[in-house]
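The values are calculated or read from the model by the stated rules, or taken from the named source; none is laboratory data. The model shown is predicted, which means the values in this text are computed figures rather than measured ones. Backbone-built Cβ (ideal geometry, glycine too); neighbour counts: all protein chains shown.
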Amino acid sequence: MSDTLFTPWKVGGIELANRVVMAPMTRNRADVDGVLPDSAIEYYRQRACAGLIVTEATQPSAAGQGYPGTPGLHTDAQQDAWSRVADAVHGAGGRVFLQIMHTGRIGHASLQADGGPQLAPSAVRANLEVATATGEMVPAPEPRAMTHKEIATTIADYASCAARAVAAGMDGVEIHAANGYLPHQFLSPGTNRRDDEYGGSPVNRARFLVELSRAVAAQIGAERVGIRISPGGQFNDMADRDNEDTYLALVDELAADGFAYLHTLRGRTSVLHEELRRRWPSTYVVNTGYMGSSEIDEIGPIVENGVADLVSVGRLFISNPDLVDRWRSGTPRAEWDEDTFYAGGDRGYIDYPTATTQD
Ligand SMILES: Cc1cc2nc3c(=O)[nH]c(=O)nc-3n(C[C@H](O)[C@H](O)[C@H](O)COP(=O)(O)O)c2cc1C
């Protein structure tokens, strides 16, 4: 049992009640306009015992959507729903950052208002299947390499999404640069074959994310902006091994800018992560990222030993809305049901009991 896990921590200008972050988790319950249902307000309110909630990934533009049922934050109706989420979490004593995700090459034209194509750093197809708007699984399309104008427009979309997030009452935003989506596609040489200033060297591959992060920070303040990365991650057909220099270039470039936190997915041990931790000046958040486990006996020591300041926990938060309270009181935690992770209604979403409400 780790006591440090239950101590407060300051991120940017905000005080977190404890060191446990609810990891971002897509739940695919938004409507066709990318507007969250009312149940999402309850879902997030129930989980406000986390020191910080990072919301499910949210597209900053219609073009950024890669899955059916993911919410957006680029229209007034979407913003209204998110503002009710922020109010509910704050009312329950929690803090919340909105995760912004543009999926790049992962997606399908049927999900795009303008019929696509998918935009990516280079025309490199992912060797996997993607969902269409109706949920049918089909081979991923070959994306088109982004022009300079499209890069600028995309960065501007992230910045205006961040402004909407703060206007909706969010404490900040997290830029999703992990798990094979657009910013990760720029970072990784397998998906970034560009020979302009956005590709070809570690500094160049980091440039899109650096410019993007700075544009978002210029809009809402760097102290409200976190960045999530997954160095070496293979999810979504990424080949990101031997790419350490790009992540070091990224961190060196952003270190002096005052960002709220760096959030990394990592395995049990990694020399790169120790180096990232050493070079990153503000809050460092770790997620064991499927490689380890998010059980308390594994994550407690991560914070206790200073490997990270905060740890993020995903699936256990789905099935245990009161996870931090359970851990604090030594109450056993409930198992999750994978069948209800993505899409569907209230079942497996807002009907997991707390320790005090279960029989
Ligand atoms: C249902 C589900 C949805 C997820 N969606 C996202 C997402 O939207 N953004 C993201 O960065 N990671 C996403 N992840 C990854 C989680 O944030 C986390 O890294 C992963 O679940 C491993 O942590 P855990 O072992 O504590 O669950 C998702 C994971 C799950 C299980």
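Quick notes on this structure:
- Residue under evaluation Y261, criteria (1) within 19 Å of F97 (Cα to Cα); (2) exposed (fewer than 15 other Cβ atoms within 10 Å of the Cβ), criterion not met: (2)
- Apart from one condition, G94 fits all of (1) surrounded by 17 or more Cβ atoms within 10 Å (Cβ to Cβ); (2) in contact with a Pro (Cβ under 8 Å, 6 or more places away or on another chain); (3) assigned to a loop (DSSP other than H, G, I, E, B); the exception is (2).
- Out of G66, G51, G72, one residue alone is of a type outside the set (S, T, Y) and either within 12 Å of the ligand (Cβ to nearest atom) or at pLDDT below 95 (or both). It is G66.
- Hey, A177 of a type in the set (A, V, I, L, M) and within 16 Å of the ligand (Cβ to nearest atom) or not: yes
- Test: residue in region 76-83 that is out of contact with any Gly (no Cβ under 8 Å at 6 or more places or on another chain), modelled with pLDDT of 95 or more, under 18 Å from G314 (Cβ atoms) and crowded, with 20+ Cβ neighbours inside 10 Å: no
- Which numbered condition R266 misses (of (1) at pLDDT 95 or above; (2) under 20 Å from S188 (Cα atoms)): (1)
- Residue ranges of helices (runs of 4 or more DSSP H) in region 228-310 with at least 1 members over 20 Å from P202 (Cα atoms), within 14 Å of the ligand (Cβ to nearest atom) and touching a residue at least 12 places away in the same chain (Cβ under 8 Å): 296-304
- Top-ranked residue of region 318-356 - restricted to ones that are within 20 Å of L52 (Cβ to Cβ) and acidic (D, E), ranked as surrounded by the most Cβ atoms within 10 Å (Cβ to Cβ): D322
- For region 33-46, taking the residues that are assigned to a loop (DSSP other than H, G, I, E, B) and surrounded by fewer than 24 Cβ atoms within 10 Å (Cβ to Cβ), the one that is farthest from the ligand (Cβ to nearest atom) is identified as D33.
- The single condition among (1) surrounded by 13 or more Cβ atoms within 10 Å (Cβ to Cβ); (2) over 20 Å from the mean Cα position of the chain (by Cα); (3) of a type in the set (K, R) that R315 does not meet is (2).
- When G104, G115, G66 are screened for being without any contact (Cβ under 8 Å) to a residue 24 or more places away in the chain, in a loop (DSSP other than H, G, I, E, B) and out of contact with any Asp or Glu (no Cβ under 7 Å at 6 or more places or on another chain), only G115 passes.
- Residue satisfying all of: in region 141-156; crowded, with 17+ Cβ neighbours inside 10 Å and within 22 Å of the chain's Cα centre (by Cα); farthest from Q118 (Cα to Cα) among these: I155
- Listed by first and then second residue, the pairs linking a residue in region 331-352 that is under 21 Å from A57 (Cβ atoms) and modelled with pLDDT of 95 or more to a residue that is crowded, with 17+ Cβ neighbours inside 10 Å and among the β-branched types (V, I, T), with Cβ atoms under 6 Å apart and 6 or more places separating them unless they lie on different chains, are W336/I318; G348/T340.
- For the residues A159, A163, A167, A177, the requirement of being in contact with a strand residue (DSSP E or B) (Cβ under 9 Å, 6 or more places away or on another chain) and either buried (at least 21 other Cβ atoms within 10 Å of the Cβ) or not hydroxyl-bearing (S, T, Y) (or both) singles out A177.
- Residue match in region 5-16 (condition: assigned to a loop (DSSP other than H, G, I, E, B), modelled with pLDDT of 95 or more, surrounded by fewer than 20 Cβ atoms within 10 Å (Cβ to Cβ) and away from the ligand (no atom under 14 Å from the Cβ)): yes
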